[in-house]
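Every number here is computed from the coordinates shown, using simple stated rules; none is lab data. Please read all numbers here as calculations on a predicted model, not as lab measurements. Reconstructed Cβ throughout: ideal geometry from the backbone, glycine too, with neighbour counts over all protein chains shown.
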Amino acid sequence: MSYTVITFAPVQGFIENSRKLRDLYGSSFILSYLAKVLCEDAQRYFEYEKGKSPQENDPVISPAVINVTQGTPNQIIIRGEYPEAEAQRIFNDAWRTIVSSCQEAIETKDENKTWNYNWSRVWNAWGNYSWELFYFCGGETITEARQKLNEIKHSRSWVGINWIGESSTLSGIDEIAWPGMTDQFNPKKDSISEVNQRIETFYQHLSDKFTEAIISPKEQLSIPELVKRLITLDDVAEKLNIAENEYPSIQIPRSFQDISRQNENSEDNRWTGWFQGDGDKIGDYLKSLNTSNEPKEEEENLNKFSSAMMKWGEYFKQEFKKEIQDTQLKESKGRIIYAGGDDFLGVLYRQQSKITAQECLEWFYKFPDIWKQHKQKITVSVGFVWAAPNVPQRDVLQHCREAEQSAKKSGRDRIALRILFNSGNHLEWNCPWGLLKNLLTHYRDRNQLKDEQNWTHLYNDIAVLESRHAFTREQTKVAEALFKAYFPSQFWEDIVGDDNYEKAFNHPQPFQTGILGERKNYTNKNGELELENVRKDINNWVINLGKVGFHLFTFSDKKSKN
């Protein structure tokens, strides 16, 4: 038995160049759609018989194919030899159909033939050279096949698309798409200002035809950016359903609203909460399930796991809608952008009014129970970014990824809370899930009353102590005393323990996640604990708790001046 493993790139680059939520949704949807095209074609190639046991008949082992397009992971594992030429054909045809549908949508909106569209060559180039497909067939086990594919991915064969002229105002890395983009520019005869004026006029035309909610007249986008924007429109998406025997049906929400993070009236500018996360040590978990080292067992375990996580992704989206619905204001407080297996990205916001950081935290208090619904014995790391209104969305997404990685590097099974200011500066505090709610809801002011949560006092105390260099590597007594002044005294013993700090580390038996993560990260070559580094990070944990807590519970709900 051999296995076929397929993936494609660039994935992160395709997602991250997003200004609007619509860009982000469209790009993540396209990735999922292309993955599902490959899955369904593999089923047709092997004449998959529906209604029988998936483990015995369905050639697609992972992702487990359910009746969902959005959220399909982009690594496909197939039992048997699925030809590379067939995979390349169906993948390229699906992407070209998306691109041509968007090009046609733009040209057909010009009923009066105002523009002379000399841009087909560039659209064709993007239809042919946007993606690179990585393929491997062979291996006696799935693990071996995946390792071989990862080796192949190190050797890239990119085809760049040359262009002359101004770059997109969104990403700045590709040419502005407009009807005369292939016209030869003669600097002796042609005026740059006239060309720019024509481009501005064209984007005003697109904004008038598709509405400003889709394309702003101030924007000047590249072809892939236009594709991500237009694929969210019903009349464009529905064109992909014509070849019913070729491609899966496309699912686009009937009403799509972007979030408003900025407004001409600065008083209305809103902070928004963005979160990204995925499961911890999935590879190790799957290996632990394969007790017999038999390929058949590995197939079944991977398929069951993939099915559980894909179903959880759908459950998560539905549960998210219930949990964040504001019944009093009759509006949603957020949206899941994608949930592909154990990998997810979402945003917490209100369309008509501001959402507070406290409301976001209250939802995260419930998240561990939501996560456990897949019934797999894996933990999750999440990065949460409370973003100021003037931070570019691509920067927010970058900080989401960094915060998620910070949660993993800090020990996993936790959330990294990051405050992102308009200046680009940020603050961050990591906290294990099991501690998050209990700690933040038990903050009390100096008078020891729990119902008075003035984080300003803790914030000011930290500022004074830092200015006097009170936090040192030699001791944690100052941090301990400060912590006990604002939280129940017992919490310090439960979180940190005695002077050996053993409770601050992760413990597998019984399972306990510590604030510092893995003990091995603080030991020298002889296995001895480097106490100076331990004390330094405990001090920083308390300092960051005070600073982030202040901005989450006090400052960020007011007008930002950063």
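If you average the sequence gap of Cα pairs under 8 Å that are 6 or more apart and divide by the length of the chain, what percent do you get for the contact order?
Working: 874 pairs, mean separation 74.3, N = 562.
Computed over the chain, the figure is 13 percent.
The alpha-carbon of K209 sits under 25 angstrom from the alpha-carbons of these lysines, leaving out residues fewer than 8 places away in its chain: K20, K109, K113, K218, K228, K239. Straight-line cross-link reach from K153 at under 13 Å between alpha-carbon atoms covers these aspartates and glutamates, not counting any fewer than eight positions away in the same chain: E132. Label reach from E294 (point 7 Å along Cα→C-beta): in region 1-21, amide nitrogens under 18 Å belong to 1-2.
In debye, nearest 20, what is the charge dipole magnitude of the chain about its Cα centre with +1 on Lys and Arg Cβ and -1 on Asp and Glu Cβ, if you could check? All intermediate terms of the calculation are to be shown ahead of the outcome.
On the way: 70 positive and 81 negative charges, 238 e Å.
So the magnitude is around 1140 debye.
Annotation: extensible slack from A485 through E518 equals 9.1 nm (criterion: 0.36 nm per residue apart, minus Cα-Cα distance). Calculation over all alpha carbon pairs of the chain in 10 angstrom steps from 0 returns a P(r) of 3, 15, 24, 23, 18, 11, 4, 0 percent.
Coupling constants for region 343-353 follow from the phi torsions by the Karplus curve (6.51 cos²θ - 1.76 cosθ + 1.60, θ = phi - 60°), and in residue order they are 9, 8, 8, x, 9, 10, 6, 10, 7, 9, 8 Hz; glycine and proline get x. Annotation: amide H of F8 within the under-5 Å range of F134, sequence separation 5 or more or interchain, hydrogens built in the peptide plane. Placing dummy labels 7 Å off each Cα toward the beta-carbon, the span from E530 to T554 is 3.4 nm. Between D190 and N422, the FRET efficiency from the beta-carbon distance, with R0 = 51 Å, is close to 0.85.
Semi-axes of the equivalent ellipsoid of region 295-394: what are they in whole Å, largest first, if each equals the square root of 5 times a C-alpha gyration tensor eigenvalue? Write out the running numbers ahead of the final one.
Numbers: eigenvalues 183, 43, 27 Å².
Result for region 295-394: semi-axes of 30, 15, 12 Å.
Here the simple spin-label model places points 7 Å from the Cα toward Cβ, and for K218 and Q88 these points are separated by 4.5 nm.
Over 19 Å between Cα atoms, which of K287/K375; K287/K377; K366/K503; K377/K437; K287/K503 qualify? Numbers along the way, then the final one.
Details: K287/K375 17 Å; K287/K377 13 Å; K366/K503 24 Å; K377/K437 22 Å; K287/K503 28 Å.
Where the Cα-Cα span goes over 19 Å, the pairs concerned are K366/K503; K377/K437; K287/K503.
For I337, the residues whose modelled amide H falls within less than 5 Å of its own, excluding neighbours fewer than 5 places apart on the same chain, are L345, G346, V347. The modelled label-to-label distance for the pair H154/E81, using points 7 Å beyond Cα in the direction of Cβ, is 2.7 nm. Of the trypsin sites (Lys or Arg not before Pro) found in region 335-436, those in coil by DSSP whose Cβ has at most 16 other Cβ atoms within 10 Å are K354, K375, K377. Between the amide H of I61 and those of I77, I78, R79, distances stay under 5 Å, these residues lying 5 or more places away or on another chain, with hydrogens modeled in the peptide plane. Sparse packing (at most 13 other Cβ atoms within 10 Å of the Cβ) combined with a DSSP loop state is found for the following GluC sites (Glu not before Pro) in region 113-149: E140. Calculated on the alpha-carbon coordinates, the convex hull of region 468-562 measures out at 142 cubic angstrom per residue.
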